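Below: the structure, in structure tokens.
No lab work stands behind these numbers, since they all come straight from the coordinates. The structure displayed is predicted, hence computed values, not measured ones. Here Cβ is always computed from backbone atoms with ideal geometry, including for glycine, and neighbour counts include all displayed protein chains.
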Amino acid sequence: MHPSRARVAFLLLYGALLLWQIDRWFLTPHGLVSTWGSRASSRSVSAGSQSGVSQTFTMGADGLDGVWLRPVVGAGTPQGELVVDLSLVDGDRRTRLERVVVPAAEATRRASLHVPFRAVRNSRGHTYQVDVRHVRAADGPAIDLRVSRDDVLPSGRLFADRREQWGDLVFETSSRRATLPYWLHEVLRPWPSWVSAWPTVLFACLVFNGALAWACARAVGLGEPAESRAPVVAATRPRRRTMTPAALAAVSIVTVGGMAVAGRPVGRFQSVDLIAALPDARLETTWPTLHGGVSPQAVLFGDRAHRGLVAMPSTTIAWTVDVPAGAVLRLGAAMRADMWDRESDGIQMSVTIEHAAGQTVAADLTLFPMGVPAHRALMPIEVPLQAWAGQRITIVLKTTPERWGNAVNDVPVWTAPRIEWPRHPGAGTARVVR
């Protein structure tokens with residue numbers, strides 16, 4: 001490369017990397033709460049109910065100064081205001097820090113709405129709650145807020161109209177505090193004090209950028225001797241080899257055949273995984289938190305691990321499903337194996353099908369593994385759904401304490417709940433409906 005072009009290339013390459021460092025260390029906050037997601041992984045909840053939408057979260061950065069929301073509105077112009085409250089959470093106590101009122105028509109002009117707060121300088125490690133309500137809506141359309149279907153904020157809780165939801169409000173907190181102080185105060189805290197001192201940090205930055213500049217100069221050929229930049233001319237042109245027709249045909253057959261085999265459906269049955277559809281289920285639990293009562297996790301029975309759904313008593317999980325022809329509900333029920341030897345009076349587990357004509361109890365189990373050795377196993381359950389083919393039903397899994405409401409050492413688990421039906425075009429498709 002010509003020396004002048006090499007210098008330009010060096011300046012562009014190293015300049016871009018230097019600007020990225022400045023943006024990353026001094027302009028980009030670290031520890032923000034963010035659950036931005038795609039529309040495919042989200043749904044909407046109404047902010048126009050009596051209590052609106054409420055989300056708790058723990059802040060990982062100082063300088064909390066706002067939150068981004070994603071309002072959703074149907075046809076027409078919404079009336080009234082969108083009221084946003086920021087509160088500090090201390091156990092069961094809520095202390096409101098600020099209230100921001102945004103005209104509803106203004107709130108829905110953009111896909112994302114930033115609601116500013118007075119900056120909370122020392123916000124790292126504290127728990128906050130954001131409440132959003134659409135008030136005085138009159139005859140206009142109500143404002144919904146887009147929320148994620150997945151549990152992406154384990155430390156947070158989402159309530160819509162005082163009912164806890166499986167998932168989190170899709171929002172992003174904002175802060176003007178930079179990443180570098182976070183590294184100095186948090187990441188380097190266990191190290192000796194001289195490591196996080198500014199002279200050490202500046203020296204490390206200079207050494208790193210010196211090495212980076214040298215690497216960029218070498219990459220663009222800056223500083224190389226003139227003879228090393230001279231083009232090398234091959235003495236002889238190597239003979240070009242071409243693929244024979246037989247080899248080309250063999251490669252084509254293997255490629256097309258492999259793609260056909262890989263794309264061919266496997267097995268006679270299709271399946272809907274109900275654990276994957278958990279965000280679309282109706283969940284009710286007497287436990288203090290929804291995620292404490294309902295927890296997807298791997299469970300071990302014998303020498304085999306199963307995909308399980310722990311449902312602490314008392315808990316109800318209900319999926320509304322469109323039933324295809326020939327469908328069967330399959331799952332397992334058990335007390336988790338690590339509880340078999342612990343003091344317990346047993347657990348009640350039931351499977352109920354709610355349909356247009358009423359409800360049908362498909363399975364009702366009382367498991368007492370401490371006193372009944374036969375109960376120290378995974379109980380398979382199979383429920384034919386052909387009687388409701390073409391209909392919309394609700395599959396209800398319920399766990400309750402066996403006696404006097406005593407749930408000590410009761411950890412019931414449902415394993416691999418799924419709906420299977422024949423892989424035939426005329427059978428239809430099972431679909432979970434929220």
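At least 2 residues being more than 25 Å from Gly292 (Cα to Cα) is the threshold, and among the strands (runs of 3 or more DSSP E) wholly inside segment 75-168 those reaching it are 81-90, 93-103, 113-120, 127-135, 143-148.
Tell me yes or no: at least one residue of segment 381-389 is surrounded by fewer than 20 Cβ atoms within 10 Å (Cβ to Cβ) and in contact with a Ser or Thr (Cβ under 7 Å, 6 or more places away or on another chain). Taking every residue of segment 381-389 in turn, none turns out to be surrounded by fewer than 20 Cβ atoms within 10 Å (Cβ to Cβ) and in contact with a Ser or Thr (Cβ under 7 Å, 6 or more places away or on another chain). With respect to being under 13 Å from Gln129 (Cα atoms), buried (at least 18 other Cβ atoms within 10 Å of the Cβ) and touching a residue at least 60 places away in the same chain (Cβ under 8 Å), Val67 fits the description. So which of Gly48, Gly60 is under 24 Å from Pro141 (Cβ atoms), part of a loop (DSSP other than H, G, I, E, B) and not hydroxyl-bearing (Ser, Thr, Tyr)? From the options Gly48, Gly60, the qualifying one is Gly48. Filter segment 389-434 down to the residues that are closer than 22 Å to Gly358 by Cα, out of contact with any Gly (no Cβ under 9 Å at 6 or more places or on another chain) and among the small types (Gly, Ala, Ser) and list them by number. The answer is Ala430, and nothing else. Scanning segment 108-123 for residues that are within 26 Å of the chain's Cα centre (by Cα) and not basic (Lys, Arg), we see that the one that is farthest from Leu32 (Cα to Cα) is Thr108.
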